[in-house]
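The values are calculated or read from the model by the stated rules, or taken from the named source; none is laboratory data. Just so we're clear, the structure is a prediction, and the values are computed from it rather than from any experiment. Here the Cβ is made from the backbone with ideal geometry for all residues, glycine too, and neighbour counts use every protein chain on show. These accessible areas exclude ligands, DNA and RNA; they are computed on the full protein's heavy atoms, side chains included. Shrake-Rupley method; radii C 1.70, N 1.55, O 1.52, S 1.80 Å.
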Amino acid sequence: QVQLVESGGGLVQAGGSLRLSCAASRRTFAMGWFRQAPGKEREFVAGISWSGNSYYGDSVKGRFTISRDNAKNTVYLQMNSLEPEDTAVYYCAASGRTFYTSSYYRAQQYDYWGQGTQVTVSS
């Protein structure tokens, strides 16, 4: 079993930035971030492989950057140019398996989930 602990959420004005972190209790291969706004389905935000290949949802491309520090078993999500539409609970996800590219986008492919961290962007 792998525990994921997220941090870094909060309240920010539109146009601002936040950095989320997710620390895993042991090594994982595929890692990702999803988000869920009230009344909406969980949405893929970004994913990253062990070697650093990254993947992004269309709504965040060019604004968000995912990265990881394998020595610390930690994944980061740098969020810039935040918009009110980015308001959601952000969840870290991970798997002990390597993924095909398409799998990064599918929540059901991930084995472990964090508890979520709230991001609120005010207009």
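What the table below lists for this structure:
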| item | result |
| --- | --- |
| Extension gain (nm, one decimal) between Ser81 and Arg42, 0.36 nm per residue minus Cα-Cα | 11.9 nm |
| Residue order for Leu11, Leu82 - accessible surface, 1.4 angstrom probe, largest first | Leu11, Leu82 |
| Residue (of Gly57, Val121, Thr74) at the positive-pole extreme of the chain, dipole from beta-carbon charges | Thr74 |
| Neighbour net charge for Ala107 - beta-carbon separation under 12 angstrom, K R +1, D E -1 | 0 |
| Over region 7-74, relative contact order from alpha-carbon pairs under 8 Å, at least 6 apart, % | 27 |
| Unit charges on C-beta of K, R, D, E only; dipole of the chain, Debye | 380 |
| Where only alpha carbons of region 21-123 are counted, the Rg and the Dmax (Å) | 12.8, 40 |
| Relative contact order (%) - criterion: Cα under 8 Å, at least six apart; region: the chain | 37 |
